[in-house]
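Just so it is clear, none of the values below were taken in a lab; they were calculated from the coordinates. Only a predicted model underlies this, so the values are computations on that prediction, with no experimental measurement involved. Heads up, the Cβs are rebuilt from the backbone with ideal geometry, glycines too, and the neighbour counts pull from every protein chain shown.
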């Protein structure tokens, strides 16, 4: 991004993993976050549990809790969540603690109207000849069902409805387009079962001559198949048990086909907007039959609904309509404040250095005075090209007192109080823009009211509290686990970061604050690549500072702390030496003053 002519005006993320990144990027750049989920972890877990999968297996296979945590964080931070349907808002996002429908907008995807359009009178469609050998009376209207061979698409109930209705059989042929197959036995278990049951039902109802089940089709033929059904004065049906959106419904309606669709999910919006068909209960065979006959036996109704679909899709579901709605929604999102603060708070000497060293105080610099002197000497010798920073959980007064006691030179950047305060240079100029930035959605009174009376949490002295940090002593024998405290805040729709350090100190800070977010903010201001930033830490409060593109090190005396589980991450180096000696070891490991990179394995 720094190499681009300008910074983005907003960040738009898709899916949970990109949303996780989007939250951090939008916070760093101070621009709105727009998110499209596509599929959601809570909904997926619900469906997998309904299919009988054990909760432990779901977690092991999909890491579903981690995904849900990311989605909760996205919902807490997103300025706008884009969905395809109202059903998605109510039924899927409604499962989340940070559910807020006022920040959600239905902006359905568009349909390619250059590909899907009504047929011309007398148009010859070659796919028709691939159906003739299936059908006794190929000139009859076609009931078209097009989907993948999945049990949830409910093709079998459709065949049962057709097989049990002599009127349907006399009126129309049934065309099932369900993917491509060579040998049914080579398909996966689910598809194989669907096709075998299709054939069994065809035989049971003796539908030979009434049903066509072509073995294959190309993607390019799909628009032709819709137009063929339209020319036959047929109907498109989507009998799925539930349909998240309903793209095939749009394609069919754009092609001039009346639609009969499931009442569960996205089709509700499409039918309402376009007036292009009717909704049915997918488990009610009589309802399916009535819906199909409604258009197959009434030419006037068929013509009206056909025209509604053609015009309705163009109005509501073209890519032009999608783009116009999207631009209208995002134009109402205001940038929260200036992206880059004024340069006056930055000492001039900091602006010309191309790399940086950041370290915690306790357990890193303190503990080996000889190694500390050696590290200090190395930093001072390279002061022209290296910025020196300290990132600590201590208050600034406490950090300065400790540095003075151990003769640690005053850093170029001091990040204190777990990343809630940033100071620059020997004069300790505070970055007021950072304080304004992290104040977004910060609700200290509500947090205190919620947590002060929890068992195992005891307020630290007033001297340890700051405007953007609420600190507790934490007794793990009686206190709720960290995840439980996070969920408690979520249930009250409170956005904050909860940090547990050394198993006994619990701090709550704004969602935009942390050591890692503060470090990235500073790196952006100083234009220092994260790939050339060495970070030394060890406690849980350091995790987001050490993940990602930084050159990270955990010194030997901290291997047992909360970050021990990160020992397989490529960019985190676990030094063999303790304290400052471990940092010196990491400087050599990364060839920091020369190539400055992760060494080849």
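Structure above, values below:
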read-out: Descending principal axes extents, the chain, alpha-carbon based, whole Å; value: 96, 51, 48
read-out: Taking 423, 14 and counting other C-beta atoms within 10 Å, the order from fewest to most; value: 14, 423
read-out: Per-selection metrics, the stretch 240-287 (Cα): Rg and Dmax in Å; value: 9.9, 27
read-out: Considering only the chain, percent of DSSP beta bridges that pair antiparallel, nearest 5; value: 30 percent
read-out: Paired Rg and Dmax values of the stretch 171-263, which use every Cα atom, in angstrom; value: 14.1, 36
read-out: Kirkwood estimate for the stretch 74-221, i.e. one over the average of 1/r between Cα atoms, Å; value: 18.6 Å
read-out: The stretch 347-407 versus the stretch 455-496: alpha-carbon centroid distance in Å; value: 30 Å
read-out: Likely footprinting exposure, 274, 385, fewest C-beta neighbours within 10 Å first; value: 385, 274
read-out: Extent along principal axes [Cα atoms of the stretch 441-511; Å; largest to smallest]; value: 30, 28, 20
read-out: Antiparallel bridge percentage (DSSP; both residues within the stretch 386-448; nearest 5); value: 65 percent
read-out: In degrees, nearest ten, helix 64-77 long axis to first principal axis of the chain (Cα); value: 80 degrees
read-out: Taking 387, 301, 165 and counting other C-beta atoms within 10 Å, the order from fewest to most; value: 301, 165, 387
read-out: Rh by Kirkwood over Cα pairs, then Stokes-Einstein D for the stretch 126-315 at 1.002 mPa s and 20 °C, µm²/s; value: 131 µm²/s
read-out: Binned Cα-Cα distance frequencies in the stretch 126-191 - 5 Å width, integer %; value: 3, 15, 22, 23, 19, 13, 4, 0
read-out: Helical contribution to [θ] at 222 nm, DSSP H n ≥ 4, -39,500 (n - 2.57), averaged over the chain, rounded to 500; value: -11000 deg cm²/dmol
read-out: Nearest 10 degrees, 0 to 90: helix 515-526 Cα axis against the chain principal axis; value: 80 degrees
